[in-house]
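Below is one structure, written out as structure tokens; the observations come after it.
Read-outs: derived from the displayed coordinates by stated rules, not from any lab. Treat the numbers as computed from the prediction; the structure is a model and nothing was measured. Heads up, the Cβs are rebuilt from the backbone with ideal geometry, glycines too, and the neighbour counts pull from every protein chain shown.
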Amino acid sequence: MEMLAVQLKQDAHCTVGDLARQHGVSTRTIARDLSLMRDQGMQIDADRGRGGGVRLDRNWGVGRVNLTYAEAVDLLISIAVAERMNSPLFLASLGSVRRQLVASFSPQKRDRVNRLKSRILIGVTASTFVQTSAAAPPKRVVQTLHQAFLDQEVLRIRYRREDGKPSDRQIEPHYLLLKYPVWYVVAFDHLRNGPRTFRCDRMASAERTGTLFRLRPKEDFAPSLADDDLSV
């Protein structure tokens, strides 16, 4: 129905028959989808009579947003990173966007978002040496790390150490730290039985274990964060 809604919003005139042919379904299916879309609050106008068409109000959707708490955090963190970079071209409306986004949350979602957002740390820009050696981490690693971070789940990783040798670890991903443009995981390392910081681009693989962990206070990771000017 999402593609149908986009088409109805863009096309000035489209009949039920046209829609059925374009989407390879029956007119009854299109009529059912239109009914469901109306039930969801979409303003669908229909012209009566022979040759009449259907369309979605072009203003529908403006000001409407329904993000999951994970999506909301991703967006808020993107705004925070942009603000941290102090780019004059993109700062004009970011504060307003952030305030409106947060104001749209329910109290429960706002609380969850704030707790998760507090675990994202933005530090100083990475050194030139680190930047030249950095690479984009594998997409599958990023996805697994992201979900384990959200769910507070122990992660099994294969890590490439600074000397290039591989190391198998089980870590609790407590905090994420950006030293632009490099992301780090501030974690409790089960192998070393203590806090450690891991560069995301050195993770060759990542696997969720199904074991949850309790969040430790930021003070427990003070040695890993001592040299950074941190903000959220």
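Describe numerically, in nm with one decimal, the distance between label points set 7 Å from Cα along Cα→Cβ at residue 146 and at residue 211.
Using points 7 Å along Cα→Cβ, the separation is 2.6 nm.
List the GluC sites (Glu not before Pro) in the stretch 126-232 that DSSP assigns to loop (not H, G, I, E or B) and whose Cβ has at most 16 other Cβ atoms within 10 Å. Which are they? Present the calculation step by step, with values, prior to reporting the outcome.
Working: sites: 153, 162, 207, 219; in loops: 162.
Answer by residue number: 162.
Full-extension gain between residue 110 and residue 68, please, as 0.36 nm times their residue separation minus the C-alpha to C-alpha distance.
Details: separation 42, 0.36 × 42 = 15.12 nm, distance 1.09 nm.
Full extension of this stretch gives 14.0 nm more.
Taking only Cα atoms of the stretch 128-225, what ratio of Rg to Rh do you get with Rh as the Kirkwood inverse-distance radius? Kindly include the intermediate steps, with their values, before the conclusion.
Numbers: Rg = 12.6 Å, Rh = 13.5 Å.
Ratio of gyration radius to Kirkwood radius for the stretch 128-225: 0.93.
Given R₀ = 25 Å, FRET efficiency for residue 97-residue 180 by Cβ-Cβ distance, to 0.05? Don't skip to the end; give the middle numbers.
Working: r = 21 Å, r/R0 = 0.82.
Working from the Cβ atoms, E equals 0.75.
To make sure I understand, if each residue's beta carbon is the centre and we count other beta carbons within 10 Å, what order do 44, 122 fall in, fewest to most? Don't skip to the answer; put the middle values down first.
On the way: 44 16, 122 20.
Ranked by crowding around the Cβ, least crowded first: 44, 122.
Across the Cα atoms of the stretch 97-147, what radius of gyration and what greatest pairwise Cα-Cα distance (Dmax) are found, in Å?
My reading of the Cα-based Rg and Dmax gives 16.0, 44 Å.
Order of 45, 33, 151 from fewest to most other C-beta atoms within 10 Å? Don't skip to the answer; put the middle values down first.
On the way: 45 10, 33 16, 151 13.
Going from least to most buried by this count: 45, 151, 33.
Taking neighbour Cβ counts within 10 Å as the exposure measure, how do 77, 171 sort from fewest upward?
77, 171
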